[in-house]
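Notes for the one structure printed next.
The values are calculated or read from the model by the stated rules, or taken from the named source; none is laboratory data. Values in this document were obtained by computation on a predicted structure and should not be read as measured data. Reconstructed Cβ throughout: ideal geometry from the backbone, glycine too, with neighbour counts over all protein chains shown. Surface areas here come from the heavy atoms of the whole protein model, side chains and all, with no ligands, DNA or RNA. Shrake-Rupley method; radii C 1.70, N 1.55, O 1.52, S 1.80 Å.
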Amino acid sequence: MTTKGTQISFNQTENKRLKLPGKDTSTQPTRPIRNVLSEIGNININSDADGAKVKSSKNGISIQKSCIPQSKANPPIVKQGLVSKLLGPSTSCISQLKANPPIVKQGLVTKSHGASMSCLTQLKTNPAFVKQELVTKSHGPSSSTLGTKCTDQLLVAVGHKFQSSGKREEEKVSIKQCKQIKNVDKNDQKDIFLLGRYVSHIYKYLLDLEVKLPIEQDFLKGTLITSNMRATLIDWLHDVQIHCQFLLETFHLAVSILDRYLQVSGVIQRRNFQLVGITSMLLACKFEEIHYPEISDIIYLTDNTYTKVQVVDLEKVIVQKLDFRLGRPISLTFLRRFGKVVEADQYLYTTAKYFIELALLETYLASSRPSQIAAAAIFIALCAKHNHITEDHWSPTLEYYSSYNLRDFIDVITKLATAILEAPNSKFQSIRNKYSRSENFKVSHAESLLPDSLVLRKLCKLKVV
């Protein structure tokens, strides 16, 4: 498959997560939500044939267009008024501008730089002298030779800072030094959606942010919540996400909010654990979704176990405990970046998405960085695709854009491979059932991911040499 064809197929896979008006990307009918968490919240949902439907809020943002007809009806007056407010010229000044442009231009230059007519004459005859004089006045040296040196340094600095291609100089030098590294953002410089000029800075910020908002290994300590209870709740939240047709980002962010709150909350009673989960999902909806569900619909999903006041009060507590910093990076964001670097096709990308969703169920992977989980998912997917384990799968290009060497996340690879091997025999099958459908290429039932897979068994025993 060519690079262009691969990118098109990759974009088609990503477009499935967009809710476009009049376009239904789902090929499966909406399933009624299942009844789980009996040991936590005593749920008993009466599933109808159509299932519970979440009402979307219709409070959209109305754009005022009152200024558009006015500008079309009388553009000269509006433009003239704007010019008058900004520059403040009178009618005679405008006439003078048309009749004698040199005089007005001369006056502006004189006010800006304080230059006389002789200086303007020298600007035409000897541009270097005027440039030298201006630089001398800016830096304050008395010697004209020093002014020339400052001018040369200024031109060199500007040439390094602003490139015609819009790329950072250090990135350009790094790519030249290693010819094996591909510039994956080369064709995205002018794309306003892909943000080719800023994408490297954005992901650097996300890498720093996930370090500032960590999840500790013992984050469940002192909460009366076990790993099994946490996995049960997340498995149910995945059903809620499918049932309500939320974005996949909403599900990932809900788990992140849940874990971070468990880390700082202290003792949580088991009867309120489901309330924490559904409130985390509601906060994630408000962060990611265009239209978030009403609280009454959220309460209905819990079989009216809780009240509206309880949900609202817990919302306040969660955002205060997390210091209003809900936007911790998720592994799905990094997976999109790494998928583009390896030019992943739909099957490879879907397989890696299956891996990062399985990682959400495991408590021992919650403390790992989302970027490392995404990196491990890409590496395992490449090994499973080629049925071979080699360091060559983690190319220099991947190492450059992820900022990780293969040894940096070797422990995450072993943990994630273990979770993939245990998935078929686990009692939490919501995620695995989702990826057993034809629209997801039935990746969860692939032979290379079964418990007898030699590749996965070897990945579970990887060690740093």
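For segment 313-383, take N as its residue count and report Rg(C-alpha) divided by 2.2 N^0.38 Å.
1.32
So, with a 1.4 angstrom probe, what is the percent of accessible area on segment 271-393 that is carbon and sulfur?
That fraction is 49 percent.
Is the shape of segment 204-244 best called rounded, prolate or oblate, per the rule: a/c under 1.5 gives rounded, else a/b larger than b/c gives prolate, else oblate, with a ≥ b ≥ c the square roots of the Cα gyration tensor eigenvalues?
Values: a/c = 4.32, a/b = 1.28, b/c = 3.38.
Oblate shape, in that a/c is at least 1.5 and b/c is the bigger or equal ratio.
Computed from the mean reciprocal separation of all distinct C-alpha pairs, what Kirkwood hydrodynamic radius does segment 266-309 have, in Å?
11.1
So what is the relative contact order for segment 231-322, in percent, with contacts set as C-alpha pairs under 8 Å and at least six apart?
Reported as a whole number, the value is 31 percent.
For Tyr354, what charge total do you get from the other residues with a beta carbon under 11 Å from its beta carbon, if Lys and Arg give +1 and Asp and Glu give -1?
Residues close to Tyr354 contribute a combined charge of +3.
Classify segment 278-419: rounded, prolate or oblate, from the alpha-carbon gyration tensor (a ≥ b ≥ c, eigenvalue square roots; a/c under 1.5 rounded; otherwise prolate if a/b is larger than b/c)?
In terms of gyration-tensor shape, prolate.
Which shape class applies to segment 229-348: rounded if a/c is under 1.5, otherwise prolate when a/b exceeds b/c and oblate if not, where a ≥ b ≥ c are the square roots of the Cα gyration tensor eigenvalues?
Because a/c hits 1.5 or more and a/b exceeds b/c, segment 229-348 counts as prolate.
Could you do me a favour and compute the accessible area per residue for segment 215-254, 1.4 Å probe, result in Å²?
Solvent-accessible surface per residue comes out at 30 Å².
Give me the 1.4 Å probe accessible area per residue for segment 368-465, excluding ligands and nucleic acids, in Å².
47
So what's the net charge close to Leu213: Lys and Arg +1, Asp and Glu -1, counting the other residues with Cβ under 9 Å from its Cβ?
Once positives and negatives cancel, what remains is +3.
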